[in-house]
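For reference, the structure is listed below as structure tokens.
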Amino acid sequence: MVGTVDTLIIDGARVNASDGGTFDVHDPSTGDVLATVAKATTADVDRAVQAAHTALDSKAWGGIAPAERGRIMLRIAQALRDRSEELATLESRDNGKPLRQARTDVQVAARYFEFFAGIADKIMGNTIPLGPGFLDYTIREPIGVSAQIVPWNYPIQIGARGVAPALAAGCTVVLKPSSEAPMTALVLGEIALACGLPPGVLNVVPGTGSEAGVALASHPDINQLTFTGSVDVGISVAKMAAENVVPVVMELGGKSPNIVFADADLDLAVQGVATAIFQNAGQTCSAGSRLLVERQAHDALVARLADRAKSMRVGPGVSDPDMGPIISKRQLETIEGYVTIGRDEGARVAAGGERPSDPALGRGFFFQPTLLDQVSADMRVAQEEIFGPVLAIITFDAIEEAIAIANRSQYGLVAGVWTRDINKAMAVSSKIKSGQVYVNTYGAGGGVELPFGGYKKSGYGREKGLESLASYTQVKNVCVKFA
Ligand code: NAD
């Protein structure tokens, strides 16, 4: 909070940065300083990695009964729920998202701990038949110290998404939240300790990407890295990890299509398409930022989306509007730049396209919900991740054309298909190159249970669901010959 410094969490203690450095966190609704946070140095990251190693070697976490690990994780889930209003308000102030979206994020974070708590005692191996005189079996051992670098758009949700499976597997963790929105990750670290997580098992080191992020990604003593963020940073992080032969999960960006056929239930589609792009002001990796609409449905769908966009209330996150601010002035300017690019490329602005005129919002980083119509598949606004509330609308005439446009992207994170025809839905879902496909829905309330990750430049490896355990365990095969 303002006036005090939120400290790092290393080896179970709240500590200042080794050089006393701090950084300010801003409220994107006003630009005001929200908090001052200790800025982890390279030395702090090193201390956190060493604490995680000591905790790993002590077996204080990985060596206890898996069911007991699960019980502690259930306590963390409950504590997140008990403090959900406080956490949601903090997330809403820090990131700017509407309060009800922040409340959902906290519930989803709790669900991650609950889901993976139930798995802690079900991480099993195999026996492999080799014939008489042999017993061969596999065990899934914790991979070790997991380094986790997360972005600012869903801090508590994405923090929990990586931390919970790592803990279930018996790993220890160093978590580096984004300097844009680090607050709830620190509370998560505090809650975990209060619920009985041994010191050093979860360390939290907010700081800049260029110092704390680089120090963590290049650290020779981490055993695994989960990176969630942009493609360019992901590539440099993967190179650093490769120097130490450290395996990486890459959760990167997207330009996900929602494909709406003329036979779709338009009520459902309007709702789904609008939520997919305007939730969190479009600052979502899996945002449905391209709308591919069949020509016969175009006018009706765009008119309804425009009505909806124009009626959305934009305002400070804590006032629980329909859409909050953009995270920073820099990101706001990037979004504005893309709208100009879209106009210059020949797109028509069908709603929004500028900052709101309300003077009460003048100090914050607000942008209107925006529709860019008459976009063609190769325009920059159809190809590049804008990371704002800007929907690129492309019209198609035939199913094969829609599939080709959807796949004409460097990304492949999520796709939505809206139709009443099961055959169309199945044809599209089998040919789309993306890690998730939704039919007549988009997202699934956090999707904790569903494997999530990218094709192409959206990344590799999978988070969420049972699949994610593969990243936090390594298989040991034991072969015994007996008489
Ligand atoms: P970003 O890549 O700028 O930063 C992500 C994290 O990396 C932050 O913690 C940052 O401090 C750190 N970082 C920055 N430079 C670094 C460096 N050189 N070395 C190590 N760490 C460094 O991304 P962002 O702006 O915070 O988030 C937006 C991006 O994240 C978008 O592209 C979005 O699609 C992506 N994202 C992906 C997912 C997913 O699950 N696939 C989820 C959310 C966001």
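The values are calculated or read from the model by the stated rules, or taken from the named source; none is laboratory data. Just so we're clear, the structure is a prediction, and the values are computed from it rather than from any experiment. Every residue, glycine as well, gets a Cβ built from its backbone with ideal geometry; the counts of neighbours run over all protein chains shown.
Tabulated results
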| read-out | value |
| --- | --- |
| Odd one out for residue 17, checked against (1) on the phi < 0 side of the Ramachandran plot; (2) in a loop (DSSP other than H, G, I, E, B); (3) surrounded by fewer than 21 Cβ atoms within 10 Å (Cβ to Cβ) | (3) |
| Pairs with Cβ under 6 Å, 6+ apart, first in region 164-180 and in contact (Cβ under 8 Å) with a residue 60 or more places away in the chain and of a type in the set (D, E, K, R), second within 6 Å of the ligand (Cβ to nearest atom) and outside any helix (DSSP H, G or I) | 176/149; 180/152 |
| Filtered residues of region 327-369 (kept if in a loop (DSSP other than H, G, I, E, B), more than 16 Å from the ligand (Cβ to nearest atom) and aliphatic (A, V, I, L, M)) | 347 |
| Residue list for region 393-414, restricted to those being touching a residue at least 24 places away in the same chain (Cβ under 8 Å), more than 14 Å from residue 429 (Cβ to Cβ) and not in a helix (DSSP H, G or I) | 393, 394, 395, 396, 397, 408, 409, 410, 411, 413 |
| Members of region 265-283 that are touching a residue at least 60 places away in the same chain (Cβ under 8 Å), surrounded by fewer than 23 Cβ atoms within 10 Å (Cβ to Cβ) and out of contact with any helix residue (DSSP H, G or I) (no Cβ under 7 Å at 6 or more places or on another chain) | 265, 268, 272, 275 |
| Options 258, 203: the member that is more than 30 Å from residue 295 (Cβ to Cβ), part of a strand (DSSP E or B) and more than 10 Å from the ligand (Cβ to nearest atom) | 203 |
| Residue satisfying condition, being under 30 Å from residue 178 (Cα atoms), at pLDDT 95 or above and away from the ligand (no atom under 12 Å from the Cβ), within set 324, 234 | 324 |
| Close pairs (8 angstrom Cβ cut-off, 6 or more residues apart or separate chains): over 17 Å from residue 16 (Cβ atoms) in region 199-214, among the basic types (Lys, Arg) and within 7 Å of the ligand (Cβ to nearest atom) anywhere | 213/176 |
| Test: residue in region 292-314 that is in a loop (DSSP other than H, G, I, E, B), in contact (Cβ under 8 Å) with a residue 12 or more places away in the chain and surrounded by fewer than 22 Cβ atoms within 10 Å (Cβ to Cβ) | yes |
| Count of region 139-164 residues which are under 17 Å from residue 247 (Cα atoms), surrounded by 24 or more Cβ atoms within 10 Å (Cβ to Cβ) and small (Gly, Ala, Ser) | 3 |
| Restricting region 437-464 to residues that are more than 16 Å from residue 162 (Cβ to Cβ) and within 11 Å of the ligand (Cβ to nearest atom), the residue that is surrounded by the most Cβ atoms within 10 Å (Cβ to Cβ) | 458 |
| Out of 175, 167, 193, 197, sole residue that is at pLDDT 95 or above, surrounded by 24 or more Cβ atoms within 10 Å (Cβ to Cβ), of a type outside the set (Lys, Arg) and assigned to a helix (DSSP H, G or I) | 167 |
| Test: residue in region 141-156 that is within 16 Å of the ligand (Cβ to nearest atom), small (Gly, Ala, Ser) and part of a strand (DSSP E or B) | yes |
| Qualifying residue in region 325-346 (condition: surrounded by fewer than 21 Cβ atoms within 10 Å (Cβ to Cβ), closer than 22 Å to residue 267 by Cα and not β-branched (Val, Ile, Thr)) | no |
| Only one of 43, 67, 110, 79 that is over 16 Å from residue 199 (Cβ atoms) and in contact with a Cys (Cβ under 8 Å, 6 or more places away or on another chain) | 79 |
| Considering residues of region 62-97 that are part of a loop (DSSP other than H, G, I, E, B) and surrounded by 24 or more Cβ atoms within 10 Å (Cβ to Cβ) only, the residue farthest from the chain's Cα centre (by Cα) | 96 |
| Residue selected from region 378-417 under the condition in contact with a strand residue (DSSP E or B) (Cβ under 8 Å, 6 or more places away or on another chain) and surrounded by fewer than 18 Cβ atoms within 10 Å (Cβ to Cβ), by the criterion nearest to residue 307 (Cα to Cα) | 397 |
| Unmet requirement for residue 221, which otherwise passes all of (1) touching a residue at least 40 places away in the same chain (Cβ under 8 Å); (2) surrounded by fewer than 22 Cβ atoms within 10 Å (Cβ to Cβ); (3) farther than 22 Å from residue 470 by Cα | (3) |
| The one condition in (1) more than 30 Å from residue 470 (Cβ to Cβ); (2) of a type in the set (Gly, Ala, Ser); (3) buried (at least 19 other Cβ atoms within 10 Å of the Cβ) that residue 262 fails to fulfil | (3) |
| Leading residue by the ranking (nearest to the chain's Cα centre (by Cα)) among those in region 157-183 that are of a type in the set (A, V, I, L, M) and near the ligand (Cβ under 9 Å from one of its atoms) | 158 |
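For every residue, the table says whether it meets (1) touching a Ser or Thr at 6+ places or on another chain (Cβ under 9 Å); (2) small (Gly, Ala, Ser); (3) outside any helix (DSSP H, G or I).
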site: 226; (1), (2), (3): yes, no, yes
site: 235; (1), (2), (3): no, no, no
site: 242; (1), (2), (3): no, yes, no
site: 246; (1), (2), (3): no, no, yes
site: 250; (1), (2), (3): yes, no, yes
site: 254; (1), (2), (3): yes, yes, yes
site: 268; (1), (2), (3): yes, no, no
site: 281; (1), (2), (3): no, yes, no
site: 286; (1), (2), (3): yes, yes, yes
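A quick yes/no check of all residues on (1) in contact with a helix residue (DSSP H, G or I) (Cβ under 6 Å, 6 or more places away or on another chain); (2) within 30 Å of residue 332 (Cα to Cα); (3) in contact (Cβ under 8 Å) with a residue 60 or more places away in the chain; (4) not aromatic (Phe, Trp, Tyr):
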{"site": "11", "(1), (2), (3), (4)": "yes, no, yes, yes"}
{"site": "28", "(1), (2), (3), (4)": "no, yes, yes, yes"}
{"site": "54", "(1), (2), (3), (4)": "no, no, yes, yes"}
{"site": "64", "(1), (2), (3), (4)": "no, no, no, yes"}
{"site": "84", "(1), (2), (3), (4)": "yes, yes, no, yes"}
